[in-house]
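The values are calculated or read from the model by the stated rules, or taken from the named source; none is laboratory data. Quick caveat: nothing in here was measured; it's all calculated off a predicted structure. Here Cβ is always computed from backbone atoms with ideal geometry, including for glycine, and neighbour counts include all displayed protein chains.
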């Protein structure tokens, strides 16, 4: 039985990377949303909010809610329950 050649190993790694990369891609609608903006976040406040809300339980302040409107934040909406909104 022959061992794996360098060429076959490279092909396997390339194919695996391609499959993994394609599986993590955004949808057509998500790409359209990204293309419609010139940056990843609308502001530093938007970035801070997104980073602190990467989990499943939103942490939303009244200030976050005001800033999201005045700074025109975009992306997937975080919709907290009333008991998950805290005062500034």
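Tell me which residues, restricted to the stretch 22-37, are loosely packed, with under 10 Cβ neighbours inside 10 Å and either touching a helix residue (DSSP H, G or I) at 6+ places or on another chain (Cβ under 7 Å) or at pLDDT below 80 (or both). Outline the logic, then answer.
If we filter the stretch 22-37 for residues that are loosely packed, with under 10 Cβ neighbours inside 10 Å, which is where we start, we get 22-25, 27-29, 35-36.
Across the stretch 22-37, the qualifying residues are 22, 23, 24, 25, 27.
For the stretch 13-21, state whether one or more residues are under 17 Å from the mean Cα position of the chain (by Cα), farther than 30 Å from residue 86 by Cβ and at pLDDT below 80. There is at least one residue in the stretch 13-21 that is under 17 Å from the mean Cα position of the chain (by Cα), farther than 30 Å from residue 86 by Cβ and at pLDDT below 80. Of all residues in the stretch 66-87, those satisfying the criterion of being within 14 Å of residue 43 (Cα to Cα) and either surrounded by 14 or more Cβ atoms within 10 Å (Cβ to Cβ) or not assigned by TED's automatic domain parsing to the domain that holds residue 47 (or both) are 67, 68, 71, 73, 74, 75.
In the stretch 63-88, which residue that is in contact with a strand residue (DSSP E or B) (Cβ under 8 Å, 6 or more places away or on another chain) and part of a helix (DSSP H, G or I) is modelled with the lowest pLDDT? Selected residue: 84.
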